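**Student:** Got a structure here, written out as structure tokens. Questions coming.
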Amino acid sequence: MSPAACALVLAHSPLTGPAAWGRLPEVLRERGHDVTVVSVTDDTDAPYAGRYVARAALQVAELAPSGPVHLVGHSGAGYLLPQIGAARRAARRPVAGYVFLDAGVPHGRNATRSSLLRAEDPEFADGLETLLAAGGSYPTWTEEDLRELVPDDVVRAALVASLRPRRADFFTEPLPFPGDWPDAPCGVVALSPAYARVVRVARARGWPVVERELPGGHFAACTDPAGVADALQALLPHL
């Protein structure tokens, strides 16, 4: 790797699969970064967070370099980065930093995904809770729903196929949280208005923030991977 390059671990949201990264991993590798992509598909039963973290931590231990890594979480994976980092440190392998890429930020003990979503976007949380209380699941987007956001047919089909709708108990389970977090510098890359509150929280904590308006918004990695890579590279030197 070049001096400016980093070892990056990309953790997808538990509501999607790694297809949500689009070509971002390849673009980052072309720029000299050592990229490990987590792929978790067996966290289908409670405890959902514990299963995701255990599988992700195992993959990081097996695939990522032994030196310092930056953990990059997208969307709901942001809530789980502290636990993945704790597992990394338990294996005596350092975490260089945490990057929340259009992602939720952990707030402490006894939080649930529902409570964290409510803190970030109360209007969205109201609609989600109504849907889940009626026995629905989320997300259930179709290709037509995402056509404008992700115009490429192949990329959009892969993203929709990766969706992992969850019912109420997924959103209401308490999330584990290591008491000594954050143990490394943290930063935020914001790609969509839904994470405006996350940006404010990050700035209040003194974390570096990079904001970008890119095609695809929350799924910009699928539509403009070079733009997302630029945003990541703008943030990393400040961690």
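**Student:** Quick one: which residue in L232, L128 is surrounded by 16 or more Cβ atoms within 10 Å (Cβ to Cβ), under 26 Å from V9 (Cβ atoms) and touching a residue at least 24 places away in the same chain (Cβ under 8 Å)?
**Tutor:** Of the residues listed, the single one that is surrounded by 16 or more Cβ atoms within 10 Å (Cβ to Cβ), under 26 Å from V9 (Cβ atoms) and touching a residue at least 24 places away in the same chain (Cβ under 8 Å) is L232.
**Student:** Kindly check whether there is at least one residue in segment 63-74 that is touching a helix residue (DSSP H, G or I) at 6+ places or on another chain (Cβ under 9 Å), assigned to a helix (DSSP H, G or I) and either buried (at least 17 other Cβ atoms within 10 Å of the Cβ) or not basic (K, R) (or both).
**Tutor:** Scanning segment 63-74 turns up no residue that is touching a helix residue (DSSP H, G or I) at 6+ places or on another chain (Cβ under 9 Å), assigned to a helix (DSSP H, G or I) and either buried (at least 17 other Cβ atoms within 10 Å of the Cβ) or not basic (K, R) (or both).
**Student:** Cβ-Cβ distance below 9 Å, separation of 6 or more or different chains: which pairs start in segment 145-169 with a residue that is without any contact (Cβ under 8 Å) to a residue 24 or more places away in the chain and end on one that is of a type in the set (A, V, I, L, M)?
**Tutor:** What qualifies is D145/V160; V160/A19; V160/L146; V160/V150.
**Student:** Give me a count of the residues in segment 38-95 that are of a type in the set (A, V, I, L, M) and in contact with a Ser or Thr (Cβ under 8 Å, 6 or more places away or on another chain).
**Tutor:** Count: 5.
**Student:** Filter segment 54-75 down to the residues that are within 28 Å of A168 (Cα to Cα), free of Cβ contacts under 8 Å to residues at least 40 places away in the same chain and not polar (S, T, N, Q) and list them by number.
**Tutor:** A54, R55, A57, L58, listed by residue number.
Residue by residue, here is whether (1) outside any loop (DSSP other than H, G, I, E, B); (2) surrounded by 17 or more Cβ atoms within 10 Å (Cβ to Cβ) holds:
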site	(1), (2)
A19	yes, yes
E26	yes, no
R29	yes, no
G32	no, no
D45	no, no
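**Student:** Looking only at segment 20-44, which residues are over 15 Å from the mean Cα position of the chain (by Cα) and more than 22 Å from A86 (Cα to Cα)?
**Tutor:** R23, E26, V27, L28, R29, E30, R31, G32, H33, T44
**Student:** Restricting to segment 189-208, count the residues that are within 15 Å of V72 (Cβ to Cβ) and assigned to a helix (DSSP H, G or I).
**Tutor:** Adding up the residues that qualify gives 3.
**Student:** Quick one: which of G108, G85, G97 is out of contact with any Cys (no Cβ under 6 Å at 6 or more places or on another chain) and at pLDDT below 95?
**Tutor:** Just one listed residue meets the conditions, G108.
**Student:** Out of (1) surrounded by 14 or more Cβ atoms within 10 Å (Cβ to Cβ); (2) within 19 Å of G179 (Cα to Cα), the odd one out for N110 is which?
**Tutor:** Going through the list (1) surrounded by 14 or more Cβ atoms within 10 Å (Cβ to Cβ); (2) within 19 Å of G179 (Cα to Cα), N110 breaks only (1).
**Student:** Additional query: Quick check on A202: is it buried (at least 19 other Cβ atoms within 10 Å of the Cβ) and either closer than 16 Å to G108 by Cβ or among the aliphatic types (A, V, I, L, M) (or both)?
**Tutor:** yes
**Student:** S162 passes all but one of (1) touching a Pro at 6+ places or on another chain (Cβ under 8 Å); (2) loosely packed, with under 12 Cβ neighbours inside 10 Å; (3) farther than 23 Å from Q83 by Cα; (4) not acidic (D, E); which number fails?
**Tutor:** Every listed condition holds for S162 apart from (2).
**Student:** Let me ask something else about it. Among the residues of segment 139-188, what is the count of those that are in a loop (DSSP other than H, G, I, E, B) and among the polar types (S, T, N, Q)?
**Tutor:** Adding up the residues that qualify gives 2.
**Student:** Residue check, Q83 against (1) over 19 Å from H218 (Cβ atoms); (2) surrounded by fewer than 18 Cβ atoms within 10 Å (Cβ to Cβ); (3) touching a residue at least 12 places away in the same chain (Cβ under 8 Å), all met but one. Which one?
**Tutor:** (2)
**Student:** Same structure, new question: If I ask for residues that are in a helix (DSSP H, G or I) and out of contact with any Phe, Trp or Tyr (no Cβ under 8 Å at 6 or more places or on another chain), which ones from segment 78-94 would you list?
**Tutor:** Hits for segment 78-94 are Y79, I84, A87, R88, R89, A90.
**Student:** Among (1) assigned to a loop (DSSP other than H, G, I, E, B); (2) free of Cβ contacts under 8 Å to residues at least 24 places away in the same chain; (3) under 22 Å from D180 (Cα atoms), which single condition is R51 missing?
**Tutor:** Failed condition: (1).
**Student:** Among the residues of segment 112-137, write down those that are closer than 14 Å to A194 by Cβ and outside any helix (DSSP H, G or I).
**Tutor:** D121
The values are calculated or read from the model by the stated rules, or taken from the named source; none is laboratory data. Computed from a prediction, not measured in an experiment: that's the story for all the values here. Here the Cβ is made from the backbone with ideal geometry for all residues, glycine too, and neighbour counts use every protein chain on show.
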